[in-house]
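Each remark here refers to the structure printed beneath this line.
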Amino acid sequence: MILLDSSIWVAIANENDPHHEKSIGVLEVVNQSDMSISDFTFVETLTVLKIKSSLQDCSKFMAILKALN
């Protein structure tokens, strides 16, 4: 099982994040069938995106997770 930290998820959803491109690269090389997200990471990612970014990025994060399933 592979768990990605919320900082990677935030960077993936927020195109203005300085680590956006690197985080997209991580997502592309990780075996997605082995990937999981904990409830805590899910909630933390949404909270950080809502406070530091936008509700649009929260929606983008949700769409990314849906696409991975």
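The values are calculated or read from the model by the stated rules, or taken from the named source; none is laboratory data. Note that the structure is predicted; figures quoted are calculated from it, not measured. We place every Cβ from the backbone using ideal geometry, glycine too, and count neighbours over all the protein chains shown. Just the protein is used for accessible areas: all its heavy atoms, side chains included, with ligands, DNA and RNA removed. Shrake-Rupley method; radii C 1.70, N 1.55, O 1.52, S 1.80 Å.
What the table shows:
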item	result
Residues with amide H under 5 Å from that of residue 35, placed H, sequence gap 5 or more	2
Heavy-atom accessible area per residue - the chain, 1.4 Å, Å²	68 Å²
Degrees, to the nearest 10: 20-29 long Cα axis against longest axis of the chain	20 degrees
Rough spin-label spacing in nm, given labels placed 7 Å along Cα→Cβ, for residue 47 and residue 69	2.2 nm
Cross-link partners of residue 60 among aspartates and glutamates (Cα-Cα below 12 Å; sequence separation of 8 or more within a chain)	15
